[in-house]
1. Quick one: count up the residues across segment 83-119 that are surrounded by fewer than 19 Cβ atoms within 10 Å (Cβ to Cβ) and closer than 22 Å to residue 238 by Cα.
2. For segment 252-291, list the strands (runs of 3 or more DSSP E) that sit wholly inside it and hold at least 2 residues that are under 30 Å from residue 341 (Cα atoms) and under 33 Å from the mean Cα position of the chain (by Cα); which are they?
3. Please state which one of 63, 31 is farther than 14 Å from residue 152 by Cα, outside any loop (DSSP other than H, G, I, E, B) and assigned by TED's automatic domain parsing to the domain that holds residue 198.
4. Which members of segment 166-215 meet the condition of being surrounded by 15 or more Cβ atoms within 10 Å (Cβ to Cβ) and touching a strand residue (DSSP E or B) at 6+ places or on another chain (Cβ under 9 Å)?
5. Would you check which residues across segment 326-355 are in a loop (DSSP other than H, G, I, E, B) and over 26 Å from the mean Cα position of the chain (by Cα) and list them?
6. State all residues of segment 225-242 that are surrounded by fewer than 16 Cβ atoms within 10 Å (Cβ to Cβ) and over 27 Å from residue 117 (Cα atoms); if no residue qualifies, say none.
7. Check residue 23 against each of (1) part of a helix (DSSP H, G or I); (2) closer than 21 Å to residue 131 by Cβ; (3) modelled with pLDDT under 90 and name the one condition it does not meet.
8. Is it the case, given these coordinates, that residue 182 is at pLDDT 90 or above and in the same structural domain as residue 44 (by TED's automatic domain parsing)?
């Protein structure tokens with residue numbers, strides 16, 4: 001008789017424990033879903049701009065040693081986000097607990113293969129868990145705003161962690177291509193992860209490592225302007241311009257419904273302390289005795305088609321190489337029909353900074 005009573009008590013206790021766990025899981029999931037409501041985007045076009053994106057790491061390979069679709073889709077989404085101008089920097093945060101396992105470096109290499117510049121990728125080797133990645137984004141990298149990149153369920157949990165740590169965050173969901181049973185398994189795993197996250201927050205769990213703060217520089221937006229509407233010139237990768245300047249790639253875009261034209265000629269000017277623009281000094285070795293300069297531009301005109309970006313490499317070889325820190329601008333002429341023109345060509349300008 002005593003054995004039966006004892007078994008009943010055990011079963012009741014176990015049942016009560018399971019009910020508590022279930023209730024706690026429901027509570028954790030409701031809290032996470034409410035915190036992420038309206039903050040998860042599926043389209044790069046609609047997501048707002050943030051200075052920094054937090055790319056959450058995962059294994060580049062699956063258990064069969066083949067490319068992991070979760071990793072690949074996160075990389076593709078991060079690269080698309082950067083190229084759309086929706087973020088300036090990407091923190092590649094992942095696990096690097098051994099020399100043989102290095103998620104951040106794998107993410108960096110994959111992003112660079114998608115034409116994301118290396119100096120726009122920041123490696124966080126201590127992103128052992130989502131909590132570590134999110135908290136370190138604020139405490140180490142100084143991010144009060146973030147765009148988080150992962151799959152949707154993971155994004156929701158990361159957004160809750162961001163809110164709990166005073167970070168104003170949004171997220172973009174990388175595609176999840178999985179069958180029904182895989183999705184069910186992932187959902188159960190995510191529910192349990194949310195339970196653990198909630199307990200970590202309640203008990204004040206901190207990242208394994210913090211360390212010294214790392215400052216992420218501000219990117220100054222390019223200042224582009226022209227004497228006529230429709231044509232815009234910008235510098236591709238302006239942050240790569242360093243002394244001595246070997247070449248600068250500029251890109252024209254034509255928003256009119258007619259073809260425009262530009263050529264090889266260009267001028268580079270520097271802004272003085274008085275706020276005046278003047279052409280930088282020419283290379284003295286190229287100045288002739290009569291004061292002219294030996295520079296030849298081919299008599300070539302390049303067509304800039306409507307809504308079709310066109311790139312030109314500017315090589316300032318005929319200018320003095322001793323450039324000083326300051327603000328500069330490239331000056332290039334362009335024109336629209338009718339031809340031949342009876343009025344002077346219009347001019348496009350784009351400014352850049354050398355520190």
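The values are calculated or read from the model by the stated rules, or taken from the named source; none is laboratory data. Just so we're clear, the structure is a prediction, and the values are computed from it rather than from any experiment. Cβ: placed from backbone, ideal geometry, glycine included. Neighbour counts: every protein chain shown.
1. Total satisfying the criteria: 12.
2. Hits in segment 252-291: 260-263, 267-271.
3. It is 31.
4. Within segment 166-215, 167, 169, 170, 171, 172, 173, 174, 207 qualify.
5. The answer is 336, 337, 338, 339, 340, 341, 342, 343, 344, 345.
6. If the condition is that a residue be surrounded by fewer than 16 Cβ atoms within 10 Å (Cβ to Cβ) and over 27 Å from residue 117 (Cα atoms), then 227, 228, 229 are the ones that fit.
7. Here residue 23 clears every test but (2).
8. Answer is no for this residue.
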